[in-house]
1. Quick one: net charge around ASN212, please, counting Lys, Arg +1 and Asp, Glu -1 for every other residue with C-beta under 10 Å from its C-beta.
2. If you compute volume of the Cα convex hull per residue in Å³ for the structure shown, which of [x] 116; [y] 131; [z] 213 do you land on?
3. Along the Cα→Cβ direction, 7 angstrom out, place labels at CYS234 and ALA45. What is the inter-label distance in nm?
4. If you roll a 1.4 angstrom probe over the protein chains with everything in place, what fraction of the accessible area of region 136-283 belongs to carbon and sulfur, to the nearest %?
5. Return the whole-Å distance between the Cα centroid of region 170-187 and the Cα centroid of region 35-56.
6. Once label points are set 7 Å from the Cα along Cα→Cβ at both ALA259 and ALA118, what is their separation, rounded to one decimal in nm?
7. Which net charge results for the neighbourhood of ALA14, defined as the other residues with beta-carbon distances under 13 angstrom from its beta-carbon, given Lys and Arg at +1 and Asp and Glu at -1?
8. Check the chain and count each lysine pair with an alpha-carbon distance under 19 angstrom, considering only pairs eight or more places apart or from different chains.
Amino acid sequence: MTIDKAYIRGSMAAILSVLQHSSCPHNIAFHFLISATANASLLRATISSSFPYLYFRLYPFDHSSVAPLISTSIRSALDCPLNYARIYLASLLPSCIHRVLYLDSDLILVDDIAELAAIQLGDNSVLAATEYCSANFVSYFTPTFWSNPCLSLTFANRKACYFNTGVMVMDLDRWREGDYTRKIEEWMEIQKRMRIYELGSLPPFLLVFAGNIVPVDHRWNQHGLGGDNFDGLCRDLHPGPVSVLHWSGKGKPWARLDAKTPCLLDALWASYDLLDTSFAFDS
């Protein structure tokens, strides 16, 4: 997970939900990516004060290499360099770590994380995530992209579907072997020149992996509870069982609760809220 001053409240709720629903919480190791300019001591103390027995480590993320590649998107929060840190997990984490489960900070689990972490990636896949083939895949890229065959042919011979990158099982060994960080960076470089998408760090993942992931049952990422990227209006759960509630989108439950304008499902998140006062983190 990533942790910063803007999302610390969400991160702490997510940690609590993971631990509460785990059959073996002592087997869970947390790897937190933080900005290289963040106050690591204060972040560490905040985590330890709520979870004194938690096994975790902080990894400073120097965003100097990715910052020049970031293009403005439809929502400013998506332009935060730490939002791109997931691309660099394979180099930030020690080589002895072969496989991780990446989680966004705006979600809670209501099921045992071990079941999700045990998902098999088969012989070739690098990651597993919830896939939504009914979504309008074309809309994730600009007309400039689709009108250029040199670009759009990247999806030839692939059944490319949208998938959400907020919950991913990742094989870091295969990521390193395939040099996938560089492949994503190459698409970001093209984006700087030609504007081929509008939505932050998601489209580069789609360009590299869409159609080649292991699909995960939708219950493991009931996303979109934060509404769209413009208004952040309330949304209901998708039909079916729920193991992860994910407030992707503009509306975050802690912000709506503080503003006294919560959505119905925000009450579920509130039961995991450990930081109900404002925390100031130096950056």
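1. Spelling it out: positives minus negatives among the neighbours equals +2.
2. Among [x] 116; [y] 131; [z] 213, the one calculated here is [y].
3. For CYS234 paired with ALA45, the spin-label model returns 3.9 nm.
4. On the way: 3810 of 7080 Å².
After summing per-atom areas, the C and S share lands at 54 percent.
5. One Cα centre to the other: 28 Å.
6. 4.1
7. Computed value for this residue: -1.
8. Numbers: LYS5/LYS250; LYS5/LYS252; LYS183/LYS192; LYS250/LYS260; LYS252/LYS260.
The result is 5.
The values are calculated or read from the model by the stated rules, or taken from the named source; none is laboratory data. All of these numbers come straight from a predicted model, not from anything done at the bench. A quick note on method: Cβ atoms are made from the backbone with ideal geometry, for glycine too, and the neighbour counts reach across all protein chains shown. For the accessible areas, the whole protein counts, side chains as well, though only heavy atoms, and no ligand, DNA or RNA atoms are used. Shrake-Rupley method; radii C 1.70, N 1.55, O 1.52, S 1.80 Å.
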